[in-house]
Amino acid sequence: MRKLLSALCLSLAMASPAFAGLNVVATLPWIGSVAKEIGKDRIAVTTLVKPSQDPHMVEAKPSMILAGRKADILMYNGLDLEIGYLPLLLEASKNPKILPGKPGHLDCSRFVKVIEKSTAVDRSMGDVHPLGNPHYHYSPRNVLRVAEGMTNALADLDRANAPFYRANFKAFAAKWNERQNRWQAVNLKGKRFVAYHKLFEYLANEFGFQLVGYVEAKPGIPPSAAHIQALIEDMKNSKPDAILTTSFYGKKESESIAAKTGVKTVVLPSDVGPLKGTDDWFAFMDKVMSAFQ
Amino acid sequence: MKLVLCFLCLALFCSFGSGALAQDSAERLNSLEDTLKNQSKTIEEQQKAIESLKNDVEKQKSQELQRSQEESQLLSKASGFFGGNALTNPNISVLLDTFAYGSNLNNAELENRGIPGFTTLGKDARNGFNMGAAEDGAELFIFAPVDPYFNVYVNLPFSDEGVVLEEIFAITTALPEGFQAKLGKFKSNFSRLDAQHPHAWDFYDIALPYRAFVGNEGVGGEKGVQFSWLPSLPFYTQFGAEVLQGENDQLFGAGARSGPHAFSLFVKNSFEPTENTTLYFGPSVLFGKTRNSNILTDAEVDGRSALYGMEAVWKWKPSSREGVTLQSEYLFLTQRGDATDLTTATVDSLRRHQDGFYLQGIYQLGRWRFGARYDMLELFADSFKRADVQQYLGQTPWRATGSIECNPSDFSRIRLQYNHDRSGRDGRSNNEAILQFILGIGAHAAHTF
């Protein structure tokens with residue numbers, strides 16, 4: 001018993017905060033990456049979802065709950081993308097600081113001009129997100145707004161470092177301007193693409209291309225053979241410019257359709273991290289835009 | 001402009017003052033005048049058009065301004081976390097749980113098939129169509145935050161006989177330092193399968209040790225209060241304690257004492273040995289006063305019980321599409337008290353030291369899940385003494401299970417399960433086949449670990 005107690009004391013001592021800055025918990029890698037650009041070394045970022053995970057199908061793990069317990073602020077994508085695990089995390093982490101309505105609760109989609117809000121939707125249509133398309137990390141304009149929102153939230157929680165965060169946001173915005181010119185120089189206007197999942201709608205909006213078909217007939221429901229066959233016939237006639245897919249979500253199916261139709265596949269990174277050279281959000285966007293060239 | 005042109009014309013007229021040209025020039029002047037008039041008309045028309053366009057643009061500008069103001073208001077509005085409007089509508093979901101059952105035993109044999117030395121209660125399932133494990137064919141879940149301090153959860157299972165208030169409880173959300181209290185009627189977190197709802201189990205039925213010690217549904221909803229604490233440590237450790245009324249009619253009994261007479265303590269730990277694996281384990285104990293007639297066929301047991309548990313889960317999840325879960329629990333019961341014969345009212349002493357365990361594995365590949373389970377009672381302890389005499393209860397109870405599941409979406413599950421059940425101790429086996437459908441509508445419930 002005495003041994004147990006001393007072990008407990010030791011672990012408590014180990015737990016005493018060596019790091020004085022804000023503990024930021026981000027659900028998705030890109031959110032963690034943008035937060036790091038704003039907070040730099042004055043925040044500690046824990047990202048819950050691994051880059052290789054499909055963000056739609058994440059299960060809550062005790063380690064996530066523990067991270068939530070220690071968080072000063074929780075930053076998440078919103079629009080129901082985290083509905084499978086975040087409500088549980090919020091309750092089980094027993095941390096009032098990160099509950100809805102508190103300054104430590106940041107729904108990044110609040111700063112986003114959301115597209116594809118559905119008014120009439122039911123689950124027979126598949127895994128439709130009724131609050132709108134949640135994959136806005138492909139949208140430079142929206143990510144800039146999110147970065148600004150994060151800056152305000154961090155500055156609000158940590159007044160002493162507010163000028164530091166604001167200066168970092170200025171640098172972020174400057175870098176954004178420079179990159180945005182480069183990204184906009186990639187001419188995708190009027191191009192027509194087929195996509196595996198409804199991931200690239202924001203990209204289409206900002207870069208002026210069209211999404212003319214989906215390999216998934218209904219989002220989140222694996223496509224039937226009949227649907228794929230119909231899509232192949234359609235693609236043979238309409239000859240779209242490419243099939244857009246990500247490195248692990250529908251790549252196999254897309255490649256087999258590509259082989260049958262002669263339409264090339266363009267593999268885009270799904271988030272910050274899973275592919276080489278996508279270590280932060282800027283590198284990720286660079287990779288996205290260079291994949292088209 | 002018009003004036004200048006007129007002067008110009010006048011000058012021209014004067015310079016060509018000679019009579020011979022007079023007629024010619026008059027004609028020319030007339031035609032010039034006409035064209036001038038026409039031109040001035042078109043200019044006027046164009047000016048009008050420009051002005052109306054200006055008006056239109058200004059209108060649009062003001063509209064846009066209004067819209068952007070509205071938008072920024074929308075953006076700054078905090079949305080309810082669970083989606084939708086949680087202020088006026090609590091989150092509601094309904095679960096349908098139905099299965100077809102076939103066994104080599106007839107319904108009367110199933111109803112009387114207890115586990116001698118553990119429970120007299122038979123199986124719930126009947127040959128043919130059934131509504132849900134423990135006959136709860138539909139379950140209504142309602143949950144919502146009450147205010148910044150409490151969340152409320154309600155679980156109402158519906159069966160042919162009516163509605164049961166299985167769970168209604170509040171959870172505190174504002175306590176500091178990782179403390180949380182739960183109060184109302186809720187499922188105990190004493191062990192793993194107890195805390196899960198039947199539809200969340202990996203098989204259609206509960207593991208054999210649970211059936212033997214606490215009944216077909218586990219401890220089930222108990223009135224009481226729970227305190228838990230998640231300290232901020234480098235690893236996940238949660239401590240919990242519960243004070244319960246003790247109405248479970250297998251381990252306790254509503255009439256065992258007038259006040260709360262069941263208590264539990266538990267510790268849950270977790271760490272991640274590698275990036276893709278998670279280990280979860282913890283000991284627990286549930287103890288209290290016992291008084292019921294579901295242990296012996298011929299007598300009521302009145303005494304004290306303590307049920308010790310150890311749970312362990314190992315999960316390997318390299319991707320969203322694939323994964324393996326191994327799960328095992330060990331339960332050990334000590335019970336001592338009096339057994340009062342129901343007909344003669346003679347009183348004997350009763351002392352039990354019995355245990356049981358199960359080990360199960362699930363392999364998931366895309367929408368498919370394949371499961372196997374082995375349960376056994378009296379692994380190390382099989383002491384059952386009535387009037388200080390060890391009773392012979394029959395063969396060691398065990399069961400083997402295999403299952404295949406298809407999950408077309410997050411909200412539907414189709415399961416085919418086969419049990420080879422030797423828990424009747426009479427040498428007869430119960431070979432069961434189950435085809436189960438679980439369908440959920442309404443709010444998305446989060447998955448627990």
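For segment B:92-442, the equivalent ellipsoid derived from the Cα gyration tensor has semi-axes of 31, 26, 21 Å, listed largest first. Once the Cα atoms of helix B:19-76 and of chain B are each reduced to a long axis, what angle between those two axes, in degrees from 0 to 90 to the nearest 10, is obtained? The two axes meet at around 20 degrees. Which of these, B:P90, B:P273, B:P198, has the largest mean-square fluctuation under a Gaussian network model of chain B (Cα springs below 10 Å)? Looking only at B:P90, B:P273, B:P198, the biggest GNM fluctuation is shown by B:P273.
Ranked from largest to smallest solvent-accessible area, with a 1.4 Å probe on the protein heavy atoms, B:C406, A:C108 come out as B:C406, A:C108. For the set B:K385, B:K41, A:K61, solvent exposure ranked by accessible area (probe 1.4 Å, protein chains only) runs largest to smallest as B:K41, B:K385, A:K61. Building the convex hull from the alpha-carbon atoms of segment A:119-230 and averaging its projection over directions returns 9.6 nm².
Which value in Å is the Kirkwood Rh of chain A over different Cα pairs? Can you show the working numbers first?
Values: mean 1/r = 0.0484 Å⁻¹.
Evaluated on chain A, it is 20.7 Å.
Considering only B:Y280, B:F118, B:T334, and ranking their Cα positions along the charge dipole of chain B that arises from unit charges at the beta-carbon of Lys, Arg, Asp and Glu, the one farthest toward the positive end is B:Y280.
How large is the translational diffusion coefficient of segment A:113-157 in µm² per second when you combine the Kirkwood radius over alpha carbon pairs with Stokes-Einstein at 10 °C and 1.306 mPa s?
Estimated via Stokes-Einstein, D reaches 128 µm²/s.
Its DSSP H runs of at least 4 residues, each contributing -39,500 (n - 2.57), put the calculated 222 nm mean residue ellipticity of chain A at -13500 deg cm²/dmol, to the nearest 500.
When only Cα pairs below 8 angstrom with a gap of at least 6 residues are kept, segment B:92-442 shows a relative contact order of 14 percent.
Give me the dipole magnitude in Debye, nearest 20, for the protein assembly as shown about the Cα centre, with unit charges on the beta carbon: positive for Lys and Arg, negative for Asp and Glu. Present the calculation step by step, with values, prior to reporting the outcome.
Working: 78 positive and 82 negative charges, 434 e Å.
It comes to approximately 2080 debye.
Averaged over peptide A:79-91, the number of partner chain Cβ atoms lying within 10 Å of each residue's Cβ comes to 4. Counting Cβ atoms of other protein chains within 10 Å of each residue's Cβ and taking the mean over peptide B:227-236 gives 6. Interface of B with A. Using a 1.4 Å probe and counting protein heavy atoms only, the two chains hide about 4100 Å² of accessible surface, both sides summed.
Each label was represented as a point 7 Å from its Cα along the Cα-to-Cβ direction; for B:T98 and B:Y418 these points are 2.6 nm apart. How much accessible area per residue does the protein assembly as shown have, in Å², with a 1.4 Å probe? Ligands and nucleic acids excluded, the result is 48 Å² per residue.
Just the C-alpha atoms of segment B:369-449: what Rg/Rh do they give, with Rh taken as the Kirkwood radius? Numbers along the way, then the final one.
Details: Rg = 18.6 Å, Rh = 15.8 Å.
Checking Rg against Rh, the ratio lands at 1.18.
Only Cα pairs under 8 Å and 6+ residues apart enter the sum, and on that basis the relative contact order of chain A stands at 15 percent. Out of A:A259, A:A162, A:A147, any idea which swings most in a Gaussian network model of chain A, alpha carbons joined below 10 Å? Greatest mean-square fluctuation among the candidates belongs to A:A259. Here the average projected area of the convex hull drawn through the C-alpha atoms of the protein assembly as shown stands at 47.4 nm².
Working out 0.36 nm times the residue gap between A:A162 and A:A20, then minus their Cα-Cα distance, what length gain in nm do you get to one decimal? Please list the in-between numbers first.
Working: separation 142, 0.36 × 142 = 51.12 nm, distance 1.53 nm.
49.6 nm is the gain from fully extending A:A162 to A:A20.
Note on chain B: helix-only mean residue ellipticity at 222 nm, from DSSP H runs of 4+ residues weighted -39500 (n - 2.57) and normalised by residue number, equals -6500 deg cm²/dmol. Ordered from largest to smallest accessible area (heavy atoms of protein chains, 1.4 Å probe), the residues A:L275, A:L203 come out as A:L275, A:L203.
Let's test the formula: R0 of 60 Å, r as the Cβ-Cβ distance of B:Q196 and A:Q293. What FRET efficiency results, to the nearest 0.05? Don't skip to the end; give the middle numbers.
Details: r = 51 Å, r/R0 = 0.85.
The formula returns an efficiency of 0.70 here.
The values are calculated or read from the model by the stated rules, or taken from the named source; none is laboratory data. A quick note: this is a predicted structure, and the numbers were derived from the prediction, not measured. Ideal geometry is used to build each Cβ from the backbone, glycine not excepted, and the neighbour counts take in all protein chains shown. Ligands, DNA and RNA are stripped out before the accessible areas are found, and what is left, the full protein with its side chains, is counted by its heavy atoms. Shrake-Rupley method; radii C 1.70, N 1.55, O 1.52, S 1.80 Å.
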